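Computed from the coordinates by the stated procedures, all read-outs in this text should not be read as laboratory data. All values reported here derive from a predicted model rather than from experimental measurement.
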């Protein structure tokens, strides 16, 4: 598998569909999981550590800890998609963009799953 998409909630499904469309059109091998880091930390760790994905895309709102947690469990590229659920999504964007040194997470625009898919494709070296 090339890309593992992890969304923190089913309420993020529109963003998931947007990026799945692009990954599908580009014939990227991907899978989608729904898992909240705050509610299911052990399940998230298991998902990440047992994945053979080359790139992770994490979709999260509010405190948006999901991308950072995934980055803590893997040394593979992690892309965070902040969700506009409160404060116009600024809270989620800042949570993703301000990761500590040594735990990098790429951050795309608020609700911009499409750009996350395009970035994953570029990371994988697939020509569009």
- Compute the length gained on full extension between residue 94 and residue 1: take 0.36 nm times their separation in residues and subtract their Cα-Cα distance, giving the result in nm to one decimal. 30.5 nm
- Message: I'd like the projected area of segment 3-124, averaged over all directions, using the convex hull of its alpha carbons. Report it in nm² with one decimal.
- Response: 6.4 nm²
- Message: I'd like to know how segment 58-127 sits against the 2.2 N^0.38 Å rule of thumb: what's its Cα Rg over that expected value?
- Response: 1.05
- If each part is reduced to its alpha-carbon centroid, segment 17-40 and segment 78-121 end up apart, in Å, by 15 Å
- Would you compute, from DSSP H runs of 4+ residues alone, the mean residue ellipticity of the chain at 222 nm, taking -39500 (n - 2.57) per run and dividing by the full residue count, rounded to the nearest 500? -11500 deg cm²/dmol
